[in-house]
Amino acid sequence: MSDLRASKRLGLVRKVKSWLRRSSTFKIAVFILNIFSLIVRIIDTTK
């Protein structure tokens, strides 16, 4: 189940990244996305 969630999250990140590559003005969004994924990783490890 956790694998499915992780793969879904990975697919979403890949989609967002490809979309952000087309719109170079969203560098801040990429930064926020990186922080968000970092927070998610920290929460996953502290569970």
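Read-outs: derived from the displayed coordinates by stated rules, not from any lab. It should be emphasised that the depicted structure is a prediction, and the values quoted were computed from it without experimental measurement. Backbone-built Cβ (ideal geometry, glycine too); neighbour counts: all protein chains shown.
Placing pseudo-labels 7 Å out from each Cα toward the beta carbon at Lys8 and Ile42 gives an inter-label distance of 2.5 nm. On a 0 to 90 degree scale, rounded to 10, what angle separates helix 27-46 from the longest Cα axis of the chain? With rounding to tens, the tilt is 0 degrees.
Give me the base-10 log of I(q)/I(0) for the range 2-46 at each q in 0.31 Å⁻¹, Debye formula, one uniform scatterer per Cα, rounded to two decimals. For the range 2-46, the Cα-only Debye profile gives -1.11. Here's the list of lysines a cross-link from Lys17 could span, going by alpha-carbon distance under 23 Å and ignoring same-chain residues fewer than 8 apart: Lys8, Lys27. Evaluated with a Cβ-only charge set (Lys, Arg +1; Asp, Glu -1), the chain carries a dipole of roughly 200 debye about its Cα centre, given to the nearest 20.
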